[in-house]
Every structure is written in structure tokens, then in C-alpha cells.
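Here the structure comes first, spelled out in C-alpha cells, and everything after it is commentary.
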Amino acid sequence: MGAGVLASRAAVDRLRRGLARDRRVIEPRSVDGAPLWVETAGEGAFAWTLAPPLVGVKGWFFPPREPVLAWDGTGAVLPTVPSPDRIAFVGLRACDLAAIAHLDAHFGADPWYRTRRDAALLVGVDCLQACAGGFCIEVDAGPFARAAFDLNLTPLPDGRVVAAWGSAVGRAALADAGVTTKAVDEGTTLLLGELATTAAASFPVRSYVARGLARLNAAPAGAAIADEEWQALGPRCLACTGCTSLCPTCTCFTVVDELDGAGGARARVWDSCLLEGFQREASGHHPAPRPGDRVRRFWYHKLSRDFAGPGGRLGCVGCGRCDVTCPGTIGALGVLAALGGER
Amino acid sequence: MTPTTCPFCAVGCGLVLDVAAKRVVAVTPDPVHPVSRGQLCAKGWNAGPFLASPERLRQPLLRRNGRLQPAAWSTALAAAAEALAAARAEGGADAVGVIASARATNEDAFAAMKFARAVLGTNNVDHCARVCHAPSVAGLRRTLGSGAMTNPIADLDEADCLFVVGADVTENHTIIGGRILAAHERGIPLVVVDPRRTRLARAADLHVQLRLGTDIALVNGMLHAIFAHGWEDGAYLAARCENVAALQASVADWTPDAAARVTGVTAATIVAAARLYATSRRGWLAYGLGVTQHVSGTETVIALSNLALVTGNVGVIGGGVNPLRGQNNVQGACDMGALPDVYSGYQAVADENARRRFETAWGVALPTAPGRTSLAMQHAAHDGELKALVVIGQDPAVTDPGGRFVARVLERLDCLIVAELFLTETAKLADIVLPAASFAEKDGTFTSTERRVQRVRRALAPPGEARADWQILDALAARLGRPLGFRDAAGIFAEMAALTPSYAGMSYARLEARGGLCWPCPTPTHPGTPRLHVEGCVRGRGRLIPVVHTPPAELPDADYPLQLTTFRLHHQYGSGSMTRRAPLLERENPRGLVWMHASDAARRRIATGAAVRVRSRRGEVTTRAVVSDDVPPGVVAMPYHFAEASPNLVTNDALDPIARMPELKVCAVAVEAC
Amino acid sequence: MNNTAAIPAAFAATLPQRARIAALHEEDEDTRTFVFRLADSAPALDAAHPGQFLMLSLLGYGEAAFSFSHLPRAGAEPGTVTLTVRRVGSLTQALFACEIGATVGLRGPFGRGFPPDGAERPTVFVAGGCGLAPLRSAIDVHLRERPAGIPVAIVYGARTPESRILRASLAAWQAEPDVMLMEVIERPTIGWSGRTGLVTDFVREAVRAIEAERAAICGPPAMLRATADALVAAGVAPGAIHVALERYMKCGTGLCGHCYVNARYVCSDGPVFSYAELGTLPDAFIGCGSPPC
Ligand code: SF4
Ligand code: FES
């Protein structure tokens, strides 16, 4: 919606403290050597170059367990209405922002999601350098932010920061914090372009990604990849639920009734389509009976254009978390390497 | 955000508990944990739900008029103390006993053994290692001098050959299993010895699908081939081992053909397995319950130790004899001396010096004769010699062999006291049930399968009036007039470390670092010992001990024509009291099942999903069939997590004569459609 | 359904509507038809189309999806919901334990049902087993809306004569003019003198007999594709064959992901798809060898 130049990184600190006046401010910090999202009140040095935390922010909007209704002994049933704190995430990377755009599209007007999401203000920070296992650039999700932010910051080498606002709330946050901006001049625009080029060049060459994606997306659906290929990958899925839990765009849930005395609660609970029980029907019929069927189905969901979301972007945003957490080495890059003939 | 250690299997993965509104809202992997490195298995990911289950015990229960009813702590403790005192008065100190928990912390286990010995005055203390790895302790202590995993998990990445025996690693120790799959994909040869076609077996370069309980014959056949081809490590044998000639002589008759006749695998396969393992520079050998849960469990462990020593694989990077322990803290419970014959650090109760040390520290005379194992306690209870039993966080009525017998025996006790998270099958039989805190609600340490001692941290308060096991025992001890004198978990650890040479250099301050320390860690500056036996074996020379094949105690016959073996599922744990309360885990394997081969199924007109009855000489169980080539013809396999279809109603409680380990892995059964 | 005054409308709208069991009828040992009466008026449910479904909720047992077996549009009383339920899981087990007057929760209708147009074209309905339940409302609406003289064929396959459900409807159709009812029994018992075999054996005959241009299928997974293929072979265009898919469903509104088939959600894009559409969804019929309903 617009952009301006902040004179220095100190202005960002002012913004952070300004946000903290009426919001909980959550930022990435290195804790015991691992990047984590922690509540900072906007204080302390901002971690400009920290890699995104292994556990993303999805759970703030779509919690692992979301009670949706409760009943008591009298049979009265009431929906459970969340009352989230006002919050600001500062330091979201492009991949996670692209993922939130997916979540927004998927959940639409769902009142639980909307209530939590509306309470949050999102401040992105562009990556000038590839992170270790990330491949956002291959899936058009980064390293510079494309979507979903209220504000997005690009730190310039000379200390200035370009701030783009994607919403009126974002723009107002700058003003409320007393942060002034200058217009983005031509030199700065050129500089941004150079930074984008350098950032892009910092990614290792992974030609198998494009090959794998091309095979997976060849028409008609499924034609280019023989069933045996998927069935060979099947046993490598140990059904741990790690990928689906960490995936910033995974949205599947099941619904469970939890009894407590005479009353109880009904809750949405994160589910995983890689579990055998996910689609097993009460009759015993199973539409994805073999592990390879489930692996294929999952990766189609992530990597097929059929599932493209906002901006035509794939369900996979290239964050690389599944590759870290998969004990069977079939995270996104692992699978694309297999499909792309690299392993 | 509380970093802690997974409460399920003994891999010891790091997980992070996220607590909001007094509830664990998310369990996530610890990204910087040295073992799990940002990964968890399905159990770890689903460690949250059981904590918040409304079925958690929140207050003590006391049996009145035949029914368990809520009671105040003071009432319950008074009743427990009175019952224990009465049992002692009537039958002497050995009329009481304690079953400690391999799930609880080291601090809890140490408290249990101190409670038994210093308060009750008996060495009748044991835990479930009896039903998993007692043979490892017995066997490896004889051959190497230490019963623990010799090499770290990470060493499998340094190996030139991976040799897995009787362990379903991808399902039971998933994070290790994944690492094995990854190493194999990098080109490291993998040999799997297992009667079942496990996931690893399917991936392996060589699957040695031997008959149940014939591992010793296989190993002796391999040793024969190794000596015959000169694949042994002569220099290593000369420098570091003893009894070489005797071993070599003992396998002289075990030609691969002879071994083939017993094991049912071809001689060529036996030689190939021997070649792969012996001619690789470093072989990482791991084994599981398929080795130990046999009448010949201890001897099979010795056979594997022979194999590793002969090929020069003990005390080297990337090698080792590595028992994969089952429960999160079964190693720790052993280390803590929750065993009838040793104090913490495997100091024998029969050793006067050791006993003195504990007597001095605790200011009380300690019993001298080794106590009863848990199964011996059951038999003593049956015979009326054991009158009262304290069971902490174990469910022997489901997990022990001959389940009905166990239940009957427990009912015979004058008093059964159970500390538990849930009203388990065992707790239902109790006279007094005491609500226990879970791993997330207390501080402490667990010791993983690789002897890694790691912190467990309190992330939230226990539900209701539940307390940590050590607090319960402390309160009970006080009622009996001999307080344990514990103030907090750190204090227990310090007391234990001062009395336990292998833990002497550890403290909570040092254990703050992720990944903790591996024992032995004798001094405060010692870095810990990931790899044992490097400068020679703990006992000096590695001892080679000839062992002979003993067939399973019960072989199939006309009445019971099939062999039943047991196994565990990735998505369940133990008797399921924690995992079955996680909706995703419970859904994954909703009920007890029996796996059988298509040929056996067809003969009985059984299809997948059909209700079947599994019968043995000891009992029967009704369950559902899964027709699968995971098992060979003649073998059926059941997971043991489901109380409603527990194979332990039919399994054999014939014992390993050395470690007194029951033969859970094989018995004869009949299966029919019903 | 309760005092929801203080509850934001978006949340209140998600609550199941309260209904009571007003009548029930045993179809066979494991199949029962329930008539529920809604506590409050529910225009959306009254206007539901054949092939749409709702989520039935039992507190403590969760929710499950069921297709309507009778509808106001087919002559059922407004303010009622009729479901024919087979006992297969814990929720249906609990429902079978309920007596008349017991309270349940209902949410719906959801999904895309059988296309409302086409009453003027000769149509074959093919049902297998308990698949007759959802198809019944489609048949009844069709019979009401078809112009006089337009023929209809109904092919209904059941395992045994005893396992046939909704017998009153079968009898009623039998009596309708220009309706050809073909009952096919897979495992005939003594006394059965009608057709035996599988529905697929009789599809061609049915299509020929009425010169069908259009078809609707509902039944166990294994039967769907075989029947659709038989219809195509008999000359019905894939685009005019409407197949009701079933999937495990948890939300009914395209959020939970349980029902997805390739890039489609059965709950919101279906459950009725044309066979031409299904041709673009290679996952639709995977696993169709496993036990039928
Ligand atoms: S592998 Fe074991 S320690 Fe690791 S998460 Fe799973 S159960 Fe926990
Ligand atoms: S049932 Fe939830 S998405 Fe279809």
C-alpha cells in the first residue's frame, strides 16, 4: 500500500516500543542457541539476522487445541469464544508471512481463527541472506516479503530501513510510535533491487527443486510420477506428525469431545494427514490405505499448483522446517530431491 | 517455554512444553537438543493430552467396603503406614516390597530404593527392567563389566555397518530408527535380524529372518564363519579379550549349515551377515527386547557381546554392543539401585563396604541378603509370604506375563498401595491409591538409553492434590517414623551423587546444559563418558563366554500350532495409560490386533479385521486379525499395549534362569476365527 | 440453541441446532431410520437438497456426517430431519442407544447435492446397500418433479433379501407408474426368486429400458466406480452421471481437511460429483477394495 524510509534502526526500536504500549510484542530471540518467539515488550536489541524459529507462529492463530463449545450437566451448550490479547509479531520472515496469507485464505471467516488473527499485527523483516535450509525463492515466497504483513522492514546496509505498509493499521502503528518516514527515492529503490539480487544469489543452487516441482505438476495430474515412486517413499514416513505440526500452512484438525464429569468440551485439535487414522472411515474403508498414498497426498497438497493459494503461491513456502523435523528424511527438499532425481 | 525430556521411550529426546492457563498447550521439539535435533516421534509430539486428562487422579483413594473412595492424604498415608507396619510385624521386613517405576525420575527411583531399604528394611525392590533388559545388565556385566549401552546413539553415524537384532527401532525408538534409515541411505550397510519383517528389515541390505528364539544359534554360526574365514580381529582379541580359545572351540560345530538348520535361514545368509558385520571396519550393533525377552535372554546378550568382541567392536568409535532400553528411565531406575541386589551405581548389597557406606550416610542398618525380583515378589505374594506391596507408576497387571495370575496375586496381598497418574488395571486392584505428579509437574532427571542424564523440569503444578513419587514416599516414611529427609529433587540428586561413583561428578548446575552428561562422570570437572570400554573394558579384559542355543520353553505342537511373539507400536507406549489418552495416538491403532501371515489366515478363514481368538495353555484373548507378510508363516504377533486384548493373558512366564526374565517373546498358541 | 444472547453472532451460528428423536424405525439389525424434530424452525434444513448432508452431534461422542434420507422437498414434514443410519462406530453406537425424545444436535445442510435440474430426462438411480438412504430423497424429489411419463429406473443392490432397507419406499416405487425397480441380491437366501448378482450386471438393462440420459449413484466405495463405468459403457455421458462420494468428515465446511480428494473437499465441493469431474480426481477411488459399508 505504500512505503517510506526510516532514518535508522533506532526508529525501528521506537516502533517496537510504541507497539508495546498496547500490545504484547513477540519477537524472535536466540534462547540457549535456538531461535524462539519470545515476548520482549519491544525491549532489547532486535535480532535482525536470526533464522526463523523452528516453531512458527501458526499456533497463535490456529492453536493446537481450540475448544469450540462446552456443555454442563444441565445440557446447556455454549460456544467457546476466545479472547486473545492484542499482539504484535515483529520479525516475521517472508516465508511465514506467505504462510499466514494461506491461513487467512483457508480459514476465511471462521470466527475462532478470525478473532485470534484480528488481534495480531504483523511486522515482517526481509531476509538479505538465505537461511540454512530455506528455499523460499524456489516457491516464490521470499526472501523478500510478498504478503500478509501490516508492516514490512528492509534493513539497508547504510543503517536506514525501508518500511512498507500493507494495511492502515500498519501505517498507523508507525505514526503512533512517532516514527517519521521519508519518501523512497530512486536511489533507494535501486538499492532495494540490488539487495534483492544479492539475497537471491545467496541461495545454494538446487536445480532438483524445479525438476521435482515440474514433474509433480505435469498434466494430467499424477501422470509424470509413477505410483512406485511414492510407494518407495512411503516407508520413510514414520507417521510422527512432525511435518504437519511445524508446517506453517498445514491446517487440518480433528474434533474431539472431552468429558469432564457431567459436562465437557468439544475442541478442534491439530491432526495430520500422514496418520493412517486420518481418513480411515468407520466402515474400515480407507481412501489412502498405503503409506505411499498418504505421502503423495500430503506432498500434492503442498507442492501442486492445484492447491495454489493467494498470489498463486504453492502450499509450500520453502521454510524448510519439515526437512529438519522429519526422522525419515522426506521433508520438502528430501522429497523434491527424490522426485528431481537427486537421490 | 520449559525445555525438558520426553517421558516415553529411552531415546531421551528434548521437548519443550508451552504452558498457558495451567495447561500444556503445545509440545514441540527442542531445536538444539543434541540427540533429537528438532525431531520427535508421534508419542513425543502427543505428550500433552494425557497431562490434562480429566481422568488424572487428583486425590488419594482408599478402599472402604470394597470400593475405592476419595480420602484425605493424612488418612491414606496413615492407612498405608499402618498396613506396611502390620505386614512387617507379621511376616518380617521381607514381607513387604516396592516396585519402583522406570517411567519416573531418578530421584523417585532413588527415593523408592531408599524407602525399601532404609525405611522398610528390605531389599525387596525392583522395577520393570525385569521385563525388558535385566538380561542386558546380567550379560554385559559378565562380559564387559557394565550392563549399559556401550556407545552413544550418535556413533551410528560413524559406523561402517549397522547390525540390528530383535529391535523394531523405527517404531519403538523412532528417532534412532530414523537416524539408522538416514545412515543406510548414505550407503552404510544395514543388517537386520528379526523374525518379523519390520520397516528396517524391509530397508536392510540383509534381513536375517530367523525363527523365534534362535539368535544364539545364528550368532554361533556367524562366529564359526568369522573364525573360518579369518575375519576376526586377532590383534584386538590378543590385546583386549580373554577366553578366546574356549569360545572358538565352542563354535567349532556350529557350521553355518548347522546354524541354518536351527534358525531356518540359509547358510549363505548367515555367512553374508557375518561378512558384512565382521569385515566392516566399525560395526554398531544394537539390540532390543527381541533378544532379552527369552528364557535364553542373558545368554543371547552374551552371544552378541562375543560377536562384537571377536570383531574388535567394543570400545571403538562407531561400534559397540548397544541395548536399546525401553522406557524413558529404565536405565536410570537400574542406576539408582531400584533392583533387589544392588544400591545405586550397581554397588552390591552383598558387598560389605558398599553397604557400610549407605548405612553411614543414612544412619541405619541395612539388610544384607539380596531381595526378591518383582516376579519373585509376585510368587511370594501368591504363597502368602509377601503381604504388602508398594507399586509406583507400573501396571504389572497389564504389562507382566501371565496377566490373570498377576491380578490374582495382587488381590491376595493384605495391602496393595499404588501411586499412579490414572486408575490403571493395577490401581483398580489396590487398597490405597495415591495420586502422582507427571513428568511435567516435577523436577528431576531421566537417564536415557545411552546413559545420558538429563533434566526433567516442572512446567506446571500437579492436578489436584497429586504429588511427586518421592514426596509420597517421603511422607509415608515420615509416618513410619523414619523420614527420608528429602527437601527437593536437587537435594535427592546430590545425596545420590555423593553415594554413586558413576554419578559423583554431576549436579543440577552441570545438568542445566542441553543434553546433560553421560555416566560415568566421576568428578565435577569430568566431561562425562559417551563411550565405554575405550581404554579396555570396565572389567579389564573383555570376556568371551561360550553359550549354547536353548530352544524356547514352549514350542508349537498339534494343540497350539502357532508361535506368538509380542511387539510394540510407534503410536503407543506401555499399557497405554498415557498414549491412549491422546486422541490422535488412540485413533491410530484403535484396538488390540494380531498380525498373521496370509497362509495361516487362509487356512482358518480369517480376513483382515475379523474377530479372532488367541489361545494358549494359560489363557485366551479375543482380538482382530491383520493379515500381513510382516510375520512369516507359523508366527503371529501382538502388540501389548491394550488391556482389552493383552497378549500377556496368553504369554509364557517361563524364566531366564540368570536374569529371571520372563519369556515374553515366544509361546505356543492356537488362533481361530470367532 | 441456548441462551446465546451475549455470544457474538458468528460463534452462535456455529452451534448445532437442538433436535429430539421423534420416531425411529428398524431397517435391519444394524440400520435404523431416525426422524428428528428440530426445537426451533430451521428454514435452511427445510430447504435442503437431496445429496446434501448434515453433521449430527452427540455431546461426548462428537459429530459425524449423514445424508438426508427423506426431505421436506420430497414430502417430509417441515421442521423434521430424517436420517437412515448404520451402526459402525462409537457415535452411531451411542445414537442407537438413544430412545425417542433424546436430544441431539444438528448442523447443516452442507455441500452440493444432486443437481436440481434434469427432472425431464429419463434417469437411472443405482444404489448399493445403505447407499439407498441418501438416494431415496433424490428419487422421491425426482419423482415429484418429473413431468408425467418420463421413465425412471431404480437399481438397488443388497447383500441379502433381509438386508434391504427402506422397504416402504421400495414398495411405493414399485407401485409408481413409469418406474422400473430392479432389486438385485448378491447372496440370495431361500425364497428369493428375483435378480441375483451385482448392480453392475443390470445397469445396461436399466439404461436400455428407459433410454436413460442421466444417472445418480450412491453406495459403498467399491461399487461406485464399477457402476459408473457400466453406465458409461451403456451410453450415459460421464457428465450426466452423478456420484455421491463419502469421506470421513469432521467439520462439513471445508476447514478440517479430512475429506479432501485431490484439490477438492467432498464436504463443500461435493459430496456429489459428476463422473466427468471425478475423472480429474485420481484419488477419488483409491482404496476401493477395502470393506464396504
Ligand atoms: S523417540 Fe522416544 S524419546 Fe523421542 S520423542 Fe519418541 S518416545 Fe520420546
Ligand atoms: S469435512 Fe472438514 S474439510 Fe470437509
| remark: Note on the range B:449-590: contact order normalised by length, alpha-carbon pairs under 8 Å, 6 or more apart, percent, works out to 17
| remark: Residue separation between B:R281 and B:D205 times 0.36 nm, minus their alpha-carbon distance, gives in nm 25.7 nm
| request: Give the cross-link partners of A:K182 among the aspartates and glutamates, using a straight C-alpha distance below 12 Å as the criterion and excluding same-chain residues fewer than 8 apart. | output: none
| message | Quick check: the distance between the Cα centres of the range A:326-343 and the range B:7-33, to the nearest angstrom? | response | 27
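When Cβ neighbours within 10 Å are restricted to other protein chains, what is their mean count per residue of peptide A:31-38?
On the way: counts 5, 8, 3, 8, 2, 5, 1, 1.
Across the residues of A:31-38, the mean count of other-chain Cβ atoms within 10 Å is 4.
Over all directions, how big on average is the projection of the convex hull of the alpha-carbon atoms in the protein assembly as shown, in square nanometres?
With the hull built on Cα positions only, its mean projection is 52.6 nm².
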| Using just the C-alpha positions of the range A:159-216 as equal point scatterers, what log10 of I(q)/I(0) does the Debye formula give at each q in 0.14, 0.16, 0.23 1/Å? | -0.65, -0.73, -0.96
| remark: Computed over the range B:285-372, the distribution of all Cα-Cα distances in 10 Å bins, rounded to whole %, is 15, 31, 31, 19, 3
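Report, in cubic angstrom per residue, the convex hull volume of the C-alpha atoms of chain C.
Details: hull volume 38.0 nm³, N = 293.
Hull volume normalised by residue count: 130 Å³.
What shape does the range C:4-110 take by its C-alpha gyration tensor, where a ≥ b ≥ c are the square roots of the eigenvalues and a/c under 1.5 counts as rounded, a/b above b/c as prolate, and the rest as oblate? Mind dumping the intermediate values first?
Details: a/c = 1.79, a/b = 1.28, b/c = 1.40.
Taking the square roots of the gyration eigenvalues as a ≥ b ≥ c, the range C:4-110 is oblate.
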| request: Mind listing the long-range amide H neighbours of B:V193? Cut-off is under 5 Å, sequence gap 5 or more, other chains count too, H placed in the peptide plane at 1.01 Å from N. | output: B:V164, B:V165, B:G166, B:V208
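Run the numbers on the range C:123-278 and let me know its relative contact order in percent, using alpha-carbon pairs under 8 Å that are six or more apart. Can you show the working numbers first?
Values: 279 pairs, mean separation 34.4, N = 156.
Averaging sequence separation for qualifying contacts and normalising by length gives 22 percent for the range C:123-278.
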| field | Rg/Rg_globular for chain A, with Rg_globular taken as 2.2 N^0.38 Å and Rg from C-alpha atoms | value | 1.07
| query | What does the charge count near A:L216 come to, summing +1 for each Lys or Arg and -1 for each Asp or Glu among other residues with Cβ under 11 Å from its Cβ? | reply | +3
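Within chain C, which complete DSSP H helices have Cα atoms spanning at least 15 Å along the helix axis and a mean Kyte-Doolittle hydropathy of -1.0 or higher?
Numbers: long enough: C:132-145 (19 Å, 0.15); C:221-233 (19 Å, 0.95).
Helix filter hits for chain C: C:132-145, C:221-233.
Just to be sure I understand: if I project the alpha-carbon convex hull of the range B:562-673 onto a plane and average over all orientations, what area do I get in nm²? Can you show the working numbers first?
Working: hull surface 28.3 nm².
Quarter of the Cα hull surface area: 7.1 nm².
Translational D (Stokes-Einstein, µm²/s) of the range C:123-278 at 4 °C and 1.567 mPa s when Rh comes from the Kirkwood sum over C-alpha pairs? Walk me through the numbers before you get to the answer.
Numbers: Rh = 16.0 Å.
The calculation lands on 81 µm²/s.
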| field | Spin-label pair C:A209/C:R167, simplified geometry with 7 Å Cα→Cβ offset, distance in nm | value | 2.1
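Order of C:D201, B:D335 from fewest to most other C-beta atoms within 10 Å?
Working: C:D201 15, B:D335 27.
Ascending Cβ contact count within 10 Å gives the list C:D201, B:D335.
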| task | Please give the per residue volume of the convex hull enclosing the alpha carbon atoms of the range B:485-549, rounded to a whole number of Å³. | result | 158
| remark: For A:G312, the net charge from surrounding residues (Cβ-Cβ under 13 Å; K, R +1; D, E -1) works out to +1
| Residue by residue through the range B:556-572, which ³J(HN,Hα) values in whole Hz follow from phi under the Karplus form 6.51 cos²θ - 1.76 cosθ + 1.60 (θ = phi - 60°), with glycine and proline marked x? | x, 8, 5, 6, 10, x, 10, 9, 9, 10, 10, 7, 10, 9, 4, 8, 10
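In nm², what is the average projected area of the convex hull enclosing the Cα atoms of the range A:93-135? Don't jump to the answer; show the numbers that get you there.
Numbers: hull surface 14.4 nm².
If I average the Cα hull's projected area over directions, I get 3.6 nm².
Structure shown: which of B:K22/B:K442; B:K387/B:K428; A:K302/B:K22; A:K58/A:K302; B:K22/B:K43; A:K58/B:K22 lie over 24 Å apart, alpha-carbon to alpha-carbon? Kindly include the intermediate steps, with their values, before the conclusion.
Numbers: B:K22/B:K442 14 Å; B:K387/B:K428 18 Å; A:K302/B:K22 35 Å; A:K58/A:K302 16 Å; B:K22/B:K43 21 Å; A:K58/B:K22 21 Å.
Beyond 24 Å between Cα atoms: A:K302/B:K22.
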| task | Please give, to one decimal in nm, the separation of the simple spin-label points placed at A:D185 and B:D557, each 7 Å out from Cα toward the Cβ. | result | 10.0
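Which translational diffusion coefficient, to the nearest whole µm²/s, is obtained for the range B:2-52 from the Stokes-Einstein equation, given a Kirkwood hydrodynamic radius over C-alpha pairs, 37 °C and 0.692 mPa s? Provide the component values of the computation, followed by the final result.
Details: Rh = 10.8 Å.
Diffusion coefficient, whole number: 304 µm²/s.
Give the average, rounded to an integer, of partner chain Cβ atoms located within 10 angstrom of each Cβ in C:15-25.
Numbers: counts 5, 3, 0, 2, 0, 0, 0, 0, 0, 0, 0.
Going residue by residue through C:15-25 and averaging, the value is 1.
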| Going by average Cβ neighbours within 10 Å, how do the peptides A:49-56, B:323-330, A:326-333 rank, with the highest at the top? | B:323-330, A:326-333, A:49-56
| message | Can you give me the distance in nm between label points at B:A72 and C:F96, each placed 7 Å from the Cα along the Cα-to-Cβ direction? | response | 4.9
| query | Between C:V88 and A:R86, what FRET efficiency follows from the Cβ-Cβ distance if R0 is 51 Å, with the result rounded to 0.05? | reply | 0.65
| Residues in the range A:1-18 reached by a label modelled at A:T49 [backbone nitrogen below 20 Å; 7 Å Cα→Cβ] | A:8-13
| task | Starting from the Cα coordinates of the range B:134-324, work out the convex hull volume and express it per residue in Å³. | result | 99
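Sort largest first and round to whole Å: the equivalent ellipsoid semi-axes of chain B, each the square root of five times a Cα gyration tensor eigenvalue. Spell out each step's value before the answer.
Values: eigenvalues 274, 171, 120 Å².
They are 37, 29, 24 Å, listed from largest to smallest.
Each reported figure results from applying straightforward, stated rules to the coordinates on display, with no laboratory input. Keep in mind the model is a prediction, meaning the values are calculated, not measured. For neighbour counting, all protein chains shown are included, and Cβ atoms are generated from backbone atoms with ideal geometry for every residue, glycine included.
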